[in-house]
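Visitor: Below you will find the structure I want to go over with you.
Only the coordinates and a few stated rules stand behind these numbers; no lab work does. Everything quoted here is computed from the prediction, not taken from an experiment. Cβ: placed from backbone, ideal geometry, glycine included. Neighbour counts: every protein chain shown.
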Amino acid sequence: MENSDDKLGLLGHMPGHLARRFQQIAVAVFNVEVDEAGYDLTTVQYAALSAINSKPGIDQATLAGLIAYDRTTITGVVDRLVQKSLVSREPSSRDRRAHALTITDTGRRTLRGITPAVDAAQRVLLRGLNAEESKQLMSLMRKAIAAGNELSRAPMRETATAKSG
């Protein structure tokens with residue numbers, strides 16, 4: 001039986017190509033599991049909702065850093081979460097230019113309800129690996145991501161960094 005490296009030729013030896021393929025598969029699996037569970041959330045909306053649940057009152061710039069999403073497009077993600085009544089957005093008491101984000105009761109119910117589907121998607125992604133291989137893959141992915149974080153257009157940040165200017 002031919003292995004996937006042989007089928008892909010040189011691409012099978014390129015981490016960028018393999019990362020892109022894994023991302024495509026991850027999004028497809030997430031969408032299938034979440035749709036079958038009856039929810040209408042994208043991977044980015046789920047990440048944002050989870051982060052807002054973990055850090056109530058955060059602003060959009062901080063949210064963008066936490067989920068490694070572009071600051072200029074996080075507004076659209078938050079807009080959709082607000083339209084779905086999953087998140088509320090209020091003017092920040094600390095910075096009048098910012099908005100504080102809080103998960104709503106509907107958002108909390110959605111997060112609880114969607115969790116089994118998200119967990120199932122994670123299991124599907126790792127189904128070709130045994131427990132030790134899964135642990136090793138996760139460790140190596142975290143290590144590679146940490147080493148390349150600053151090279152990203154949207155690096156992951158624990159808190160928003162103020163623009164100097």
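Visitor: Considering only residues that are in a helix (DSSP H, G or I) and over 15 Å from the mean Cα position of the chain (by Cα), which ones fall in region 36-59?
Guide: GLU36
Visitor: Separate question: Taking region 119-133, which residues are surrounded by 10 or more Cβ atoms within 10 Å (Cβ to Cβ), farther than 24 Å from VAL44 by Cβ and not acidic (Asp, Glu)?
Guide: LEU129
Visitor: Quick check on ALA64: is it in contact with a helix residue (DSSP H, G or I) (Cβ under 7 Å, 6 or more places away or on another chain), farther than 16 Å from ARG112 by Cα and among the small types (Gly, Ala, Ser)?
Guide: yes
Visitor: Please work out if THR110 is of a type in the set (Ser, Thr, Tyr) and free of Cβ contacts under 8 Å to residues at least 60 places away in the same chain.
Guide: Answer is no for this residue.
Visitor: If you don't mind, another one. Identify all residues within region 77-118 that are in contact with a Phe, Trp or Tyr (Cβ under 8 Å, 6 or more places away or on another chain), buried (at least 17 other Cβ atoms within 10 Å of the Cβ) and of a type outside the set (S, T, N, Q); write none if there are none.
Guide: VAL77, ILE114, ALA117, VAL118 - these are the residues of region 77-118 that are in contact with a Phe, Trp or Tyr (Cβ under 8 Å, 6 or more places away or on another chain), buried (at least 17 other Cβ atoms within 10 Å of the Cβ) and of a type outside the set (S, T, N, Q).
Visitor: Could you tell me whether region 45-67 includes any residue that is in contact (Cβ under 8 Å) with a residue 40 or more places away in the chain, small (Gly, Ala, Ser), in contact with an Asp or Glu (Cβ under 8 Å, 6 or more places away or on another chain) and within 25 Å of GLY148 (Cα to Cα)?
Guide: Yes - at least one qualifying residue is present in region 45-67.
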